[in-house]
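Trainee: Encoded as structure tokens, here's the structure I'll be asking about.
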Amino acid sequence: MIPGYLASFEPAMRLALGQAAGSPGEGDTDVPVGAVVLDGAGAVAGAGRNRQEADSDPTAHAEIVAIRQAARARGRWRLDGYTIVVTLEPCTMCAGAVTAARLGRLVYGAADPRAGAAGSLWDVLRDRRLPHRVEVIGGVLEDECAELLRGFFGRRR
């Protein structure tokens, strides 16, 4: 990966980190993961944070929330040419949603060796058996993304 190319995603990752952090008092029970979906011009088309606990919805992961918002904004479910930027490597459900939405690129911050489906545990997004593959870029602002999670879980112990 070219360092300048990787760095070009830092502003979007900072937006995703802002989503993950939420507002004070908000999401104290939801794991702080944030996501933004960028259209082909780089404008934010959707944004979200984990809301499983807040919404009592097991599918309310940051990626799903952001993808739904972007699809509504675009007026169609196909998000080809769009990029999703997320603070934590997606799980299998979210990797499937990225593929189903036909997103062109996934950028993530911290790897998830326990449940990651973009190369850590599974590699759903580059599985040649699927009809759509996604460019995957990991490690953007990795330390900041991981620290947000460490802090959250440290407070819960």
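Trainee: Estimate the FRET efficiency between ARG14 and ALA41 by the formula 1/(1 + (r/R0)^6), using the beta-carbon distance for r and 25 Å for R0, to the nearest 0.05.
Mentor: On the way: r = 18 Å, r/R0 = 0.73.
After rounding, the FRET efficiency stands at 0.85.
Trainee: When a/c reaches 1.5 or more, the comparison of a/b and b/c decides; with that in mind, is the range 16-74 rounded, prolate or oblate per its Cα gyration tensor?
Mentor: Numbers: a/c = 2.94, a/b = 1.62, b/c = 1.82.
Oblate is the answer for the range 16-74, as a/c is 1.5 or above yet b/c matches or exceeds a/b.
Trainee: Express in nm, to one decimal, how much length is gained between ASP28 and ALA7 on full extension, taking 0.36 nm for each residue of separation and deducting their alpha carbon distance.
Mentor: Details: separation 21, 0.36 × 21 = 7.56 nm, distance 3.01 nm.
Full-extension gain reported as 4.5 nm.
Trainee: Could you look at the range 52-141 and say what percent of its accessible area is carbon and sulfur, using a 1.4 Å probe and all protein chains? Could the numbers behind the result be given before it?
Mentor: On the way: 2030 of 4230 Å².
C and S fraction of accessible area: 48 percent.
Trainee: Give the residues of the range 71-88 whose amide nitrogen is closer than 19 Å to a point set 7 Å from the Cα of ALA54 in the direction of its Cβ.
Mentor: So the set is 71-73, 85-88.
Trainee: Also, quick follow-up: Hey, can you rank 102-113, 121-132, 74-85, 29-40 by average C-beta count inside 10 Å, highest first?
Mentor: Output ranking for 102-113, 121-132, 74-85, 29-40: 29-40, 102-113, 74-85, 121-132.
Trainee: Rounded, prolate or oblate: which one fits the range 71-157, using the alpha carbon gyration tensor with axes a ≥ b ≥ c (rounded when a/c is under 1.5, else prolate when a/b beats b/c, else oblate)?
Mentor: Working: a/c = 2.24, a/b = 1.65, b/c = 1.36.
Verdict is prolate for the range 71-157.
Trainee: Also: Taking each pair of different alpha-carbon atoms in the chain once, compute 1/r for the pair, average those values, and report the inverse of that mean as the Kirkwood hydrodynamic radius in Å to one decimal. List each step's numbers first, then the result.
Mentor: Working: mean 1/r = 0.0655 Å⁻¹.
After inverting the pairwise mean of 1/r, the radius is 15.3 Å.
Trainee: Here's something else I'd like to know. Using a Gaussian network model of the chain with C-alpha springs under 10 Å, which one of ALA62, ALA97, ALA118 is most mobile by mean-square fluctuation?
Mentor: Judging by the Gaussian network model, the answer is ALA97.
Trainee: How high is the relative contact order of the chain? Use alpha-carbon pairs under 8 Å, at least six apart in sequence, and give a whole percent.
Mentor: Working: 335 pairs, mean separation 30.7, N = 157.
Computed over the chain, the figure is 20 percent.
Trainee: Report the gain in length on full extension from HIS132 to ARG78: 0.36 nm times residue separation, minus Cα-Cα distance, nm rounded to one decimal.
Mentor: Values: separation 54, 0.36 × 54 = 19.44 nm, distance 1.19 nm.
The span from HIS132 to ARG78 would gain 18.3 nm if fully extended.
Trainee: Something else about it: Would you work out which of ALA95, PRO131, ALA118 lies farthest towards the positive end of the dipole of the range 87-136, given +1 charges on the beta-carbon of Lys and Arg and -1 on that of Asp and Glu, about the Cα centre?
Mentor: So the residue furthest toward the plus end is PRO131.
The values are calculated or read from the model by the stated rules, or taken from the named source; none is laboratory data. Worth saying up front: this structure is predicted, and the values here are computed from it rather than measured. FYI the Cβ positions are ideal-geometry reconstructions off the backbone, even for glycines, and counts take in every protein chain you see. To get the accessible areas, we keep the full protein, side chains included, count just its heavy atoms, and leave off ligands, DNA and RNA. Shrake-Rupley method; radii C 1.70, N 1.55, O 1.52, S 1.80 Å.
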